[in-house]
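Down below is the structure, laid out as structure tokens.
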Amino acid sequence: MILTGKYGNPFLVLSGALESEDVCRVTSSTVVVVADLTLTRHSKPWMVQQHAHFWREHQKVASLLEAAYSFVGACAHSLRALALPPALEGVDIVFHNGPGFHALETAMGIALIDAAKKAGVKHFVYCSVLFPVLTKLLNHKAKFFVEEHLIESGLNYTILEPTSFMQNVNLHNAVATGTLLANYTPNTLQGYLDLEDLAAVARLVLLNPTEHNLARYELVGENCTYEDVARAISAQTGQQIKVELVPRDKIVGKSDVHMNLSGDYAREGMDRMLYYYDKR
């Protein structure tokens, strides 16, 4: 099995698989490869630091696998398409979570699908996004074409379509300041999913892919607005939490500190997404 993606998601999926009582069904010939497909020599220091932390964490997981697994750690550049098929040799299952707001996300996904087919991978699990048909959004449009290529590839596959993650809400900051920062109109209804729940669903698919072959799952934990979230935090903490709308130029501007957006494409993608949420 190979898991691709950035930092937390693949680690949670792997941890979820290890915690399952059914993990003993996986044979000793299984190969688990964790690859960060976006870390290259051009990566910024904060990316390297986060990757180093993630690598240490998954090495802890590796120690748990020694008795039953052959464990391999790898860091690959997914744009070097010719290097991908050898990396997938002997791999039965691929779990792919592409880098969001990356100009070449579609190319990365297609290259990995083609490599998986060439290497004889038995099942491809793609972590996409809820409603990839919303092609006005760059981050959805990129995944739309990866899904299309996967469906037409002839591979056995499962597609997971999670909505926004609950972990995107900065609870610590909200409680510390009494203010929940909203990235778009506070009364816009939005789906939320806990990353732990995504990991639980992914575990079920990875441990028994045949039952989920050619399936596509839309994953939503709860639909609510920023105002609903603020009320929920207030109810749990006993502290009054207000909602404050953050101007888009503060989120996607050249000097933004709200989130890390690399390059004009990422900023344009984020700006489009927030505008869409404001106006839909």
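Which pairs break 28 Å Cα to Cα here: 136/242; 141/242; 250/279?
136/242; 141/242
Got a number for carbon plus sulfur as a percent of the stretch 193-280's accessible area, 1.4 Å probe?
Heavy-atom surface of the stretch 193-280 belonging to carbon and sulfur, 1.4 Å probe: 46 percent.
Kindly report the accessible area of the stretch 86-223 per residue (heavy atoms of protein chains, probe 1.4 Å, no ligands, DNA or RNA), in Å².
Averaged over the residues of the stretch 86-223, the accessible area is 44 Å².
Mind listing the phi-derived Karplus ³J(HN,Hα) values for the stretch 98-114, rounded to whole Hz, using 6.51, -1.76 and 1.60 with θ = phi - 60°, and x for any glycine or proline?
Each residue of the stretch 98-114 in turn: x, x, x, 6, 10, 4, 10, 4, 4, 4, 4, x, 5, 4, 5, 4, 4 Hz.
From the P(r) of the stretch 130-226, could you give the percentage of C-alpha pairs in the tail past 18 Å?
Result: 58 percent of Cα pairs exceed 18 Å.
What ³J(HN,Hα) values, in whole Hz, does the Karplus curve 6.51 cos²θ - 1.76 cosθ + 1.60 give for the stretch 233-247 when θ = phi - 60°, with x put for Gly and Pro?
After applying 6.51 cos²θ - 1.76 cosθ + 1.60, I find 5, 4, 5, 7, 9, x, 10, 6, 10, 9, 10, 10, 6, 8, x Hz.
The values are calculated or read from the model by the stated rules, or taken from the named source; none is laboratory data. Predicted model only: the values in this text are computed from it and were never measured. Surface accessibility is based on the protein's heavy atoms, side chains included, excluding ligands, DNA and RNA. Shrake-Rupley method; radii C 1.70, N 1.55, O 1.52, S 1.80 Å.
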